[in-house]
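The values are calculated or read from the model by the stated rules, or taken from the named source; none is laboratory data. Please read these numbers as outputs of a predicted model, since none were measured by experiment. Quick reminder, even Gly has a Cβ in these numbers, built from the backbone with ideal geometry, and neighbours come from all protein chains shown.
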Ligand SMILES: *Cc1c(COP(=O)(O)O)cnc(C)c1O
């Protein structure tokens, strides 16, 4: 915040009603997330009603962290908040936005507003990195660009800042006008406008028009003239002296052309005064070069010299807007966040660390924070974060960071530079620890990651936990709030890795997990997963483990019921079980004809407590089978009433899998069983766009070979070159789960955005690809599934389904998790 807020100001700004007045210290921070409160006493907590969470449920949590000033929408949960100042408003979101607008108006520095379809976050980060070498600046953390993200970004602007860079993103008409009043940028950057038909907008023109509202009062607007629609709209709406255009070709205010070189690209700048300059960058891809040119022009407009800009360019890296989890040596788990180092980013990374599965210790490896401004207050804030997140150990690297005074519960080891850290690191016996590695670029902490990372072979499966969350939220949106969710994490969570995914689902508040075998359940329990777990295929030999690990087996036959009942009786124990009712799948389960005998067994063995009754639809994914599905659902109801009659209590009832949730939402009953949909595949094909792909299977090129027409490739000489050309050998084979049926041109992979076919037979650990005419190098990344290569299409090419491709990815392929 630029200035502290008094109670009078708060009331005036939010137009709120003072419900109760407690002792009111002035407010210097605003929070909407009770997990992130550092100076409770001076913090105002705004209870937002989000889609997923309701801030009103966290008032007590905020109170326990010292907060005594609240903005709420109703007085329902406020009675325990004694001696607090409580303001009631109609809309907490509007109050938050009004407060942001107020903070913006207190700020006299320059505000740079960025919008457009792609590149916003990267340009913000790059421009931030270039400017930070000269000014004290604020910028939105990560990609906080929404109706709530923008206000939170604006609260990050403080008195000492000279400039702020804020990004704005919208998904609905009307949103940008609101963001404009909050950001009021002095300088605007319009990145580009995607062709994708944006949700909520009737046309691209409407979307563009809406985005440009951000620049209503901007003095200067930077944009690329080659984007014809943007150029037309801007010149229509704004006088030319407010527009700063750049282009590949002569004709814009700045000409910035690019030329590929051996190691990167050369950018030639011709300025409006015809001054010439050349920049060099290691980027060669079109998107990065466009983002870079937006950044250069904006920095020039802000008064930096070409030489100053060029000095910063080599340190701009592909902004990894994601915190990557990596498997470390000695069972450590690494969080790699080595591209920048500022307080806001540190906070986000520590929060991510805290949300991981607990390990032995929480360790932070941190470099100097290259943040202008008062150093000692910066390190005081770091110290606060260390105690807030209860870190056990810090490795502090650099000269400034010597000022850090950590709380007594945390050991700090200081190092002059990265080389010293690397030298001493092996003496610390890191084992089974959770380690966040966060450093400014110049400290080259990638060397630290390299030293601590477990070596993996070239193939990885990347799993985007944020996409998983979005998919979960999508299915939740089709359900009543009271309907429970059971998540199928059988078969290694459809290949994605059961433990990490189960842990993440626990955080997302799923209600139940299901696995195929007892062993899968045991390993989840050993990894401290606490959710109830249903086991689909239990066997007699595993009864001991079912009870020991609190797992809930499915019982699908009379004989199995009796065996389990007798086991429980002789061990004087009870167990929760689920009854599978066969209504037409004809796989496992009790039929109508079993019900009478089942009734007898239920009376005979009360040790079996029936947690749920369920059935499985045989054709939920096809309209063709709607009649059959409806009959299954009706039969399920009738079997359930018979069983409930025997029991005298009502277990949960559930029938729908992912496809069923979409097709038969009226039959969601008490719970649904979500599987493939969570992993990003909508098998009905009805809501493809609502889901996000969760996993990408990748490998690398091991070697490139030039071959002549007629040469043969691989085993049995099945591949023949029908032209002079080249092939790439990639580090994946059928033992990794790359199906041998993809051999001989049936499968395609993606290299640098281009598709290339498999040539010859797939080998056990390797595959050859025809890359004739493509600009590819040894070591290049190769995508097997994901991004431009849809799993559904690949599966279709070899006559199977996405389920099989996903679950066949071998366990030797490393799983790497990230949040974007
Ligand atoms: C695997 C499975 C599901 C989940 O099916 P999806 O099609 O992946 O959603 C649901 N119920 C049972 C009994 C299952 O075996």
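Annotations
- Residue 473 being farther than 26 Å from residue 699 by Cβ, in the same structural domain as residue 531 (by TED's automatic domain parsing), over 17 Å from the mean Cα position of the chain (by Cα) and more than 13 Å from the ligand (Cβ to nearest atom): no
- Every residue from the range 218-251 that is within 34 Å of the chain's Cα centre (by Cα), more than 24 Å from residue 275 (Cα to Cα) and not in a helix (DSSP H, G or I): 218, 227
- Lone qualifier among 263, 210 - being crowded, with 20+ Cβ neighbours inside 10 Å and assigned by TED's automatic domain parsing to the domain that holds residue 188: 210
- Counting the residues of the range 509-530 that are more than 16 Å from the ligand (Cβ to nearest atom), in a loop (DSSP other than H, G, I, E, B) and either on the phi < 0 side of the Ramachandran plot or touching a residue at least 60 places away in the same chain (Cβ under 8 Å) (or both) gives 4.
- Test: residue in the range 627-639 that is over 39 Å from the mean Cα position of the chain (by Cα), crowded, with 21+ Cβ neighbours inside 10 Å, farther than 23 Å from residue 506 by Cα and more than 12 Å from the ligand (Cβ to nearest atom): yes
- Residues located in the range 491-508, provided they are in contact with a helix residue (DSSP H, G or I) (Cβ under 8 Å, 6 or more places away or on another chain) and more than 17 Å from residue 808 (Cα to Cα): 499, 500, 501, 502, 504, 505, 508
- For the range 590-602, the criterion of a residue being in contact (Cβ under 8 Å) with a residue 24 or more places away in the chain, outside any helix (DSSP H, G or I) and either assigned by TED's automatic domain parsing to the domain that holds residue 484 or farther than 14 Å from residue 557 by Cβ (or both) is satisfied by at least one position.
- Matching entry among 498, 514 (being in contact with a strand residue (DSSP E or B) (Cβ under 6 Å, 6 or more places away or on another chain) and closer than 21 Å to residue 538 by Cα): 514
- Test result for residue 539, within 15 Å of the ligand (Cβ to nearest atom) and assigned by TED's automatic domain parsing to the domain that holds residue 484: no
- Only one of the listed residues (662, 694, 672) is within 16 Å of the ligand (Cβ to nearest atom), within 30 Å of residue 781 (Cα to Cα) and surrounded by 15 or more Cβ atoms within 10 Å (Cβ to Cβ). That residue is 694.
- The requirement of being within 16 Å of the ligand (Cβ to nearest atom) and in contact with a helix residue (DSSP H, G or I) (Cβ under 8 Å, 6 or more places away or on another chain) is not satisfied by residue 652.
- Of all residues in the range 566-610, those satisfying the criterion of being within 16 Å of the ligand (Cβ to nearest atom) and buried (at least 18 other Cβ atoms within 10 Å of the Cβ) are 577, 578, 579, 580, 581, 582, 583, 584, 589, 590.
- Cβ-Cβ contacts under 7 Å between residues 6 or more apart (or on different chains), taken from a first residue in the range 484-499 that is under 14 Å from residue 357 (Cβ atoms) and part of a helix (DSSP H, G or I) to a second residue that is at pLDDT below 90 and within 11 Å of the ligand (Cβ to nearest atom), are absent.
- The range 751-781: number of residues that are part of a strand (DSSP E or B) and modelled with pLDDT under 95: 4
- Among residues that are assigned by TED's automatic domain parsing to the domain that holds residue 300, more than 19 Å from the chain's Cα centre (by Cα) and either part of a loop (DSSP other than H, G, I, E, B) or modelled with pLDDT of 95 or more (or both), residue 169 is not included.
- Residue within the range 252-275 that is touching a residue at least 60 places away in the same chain (Cβ under 8 Å), over 30 Å from residue 426 (Cβ atoms) and over 34 Å from the mean Cα position of the chain (by Cα) present: no
- Residue match in the range 450-468 (condition: crowded, with 17+ Cβ neighbours inside 10 Å, in the same structural domain as residue 554 (by TED's automatic domain parsing) and within 16 Å of the ligand (Cβ to nearest atom)): yes
- Residues in the range 451-483 that are touching a helix residue (DSSP H, G or I) at 6+ places or on another chain (Cβ under 9 Å), under 29 Å from residue 430 (Cα atoms) and in a helix (DSSP H, G or I): 3 in all.
- Residue within the range 707-716 that is within 16 Å of the ligand (Cβ to nearest atom) and either in contact with a helix residue (DSSP H, G or I) (Cβ under 7 Å, 6 or more places away or on another chain) or free of Cβ contacts under 8 Å to residues at least 12 places away in the same chain (or both) present: no
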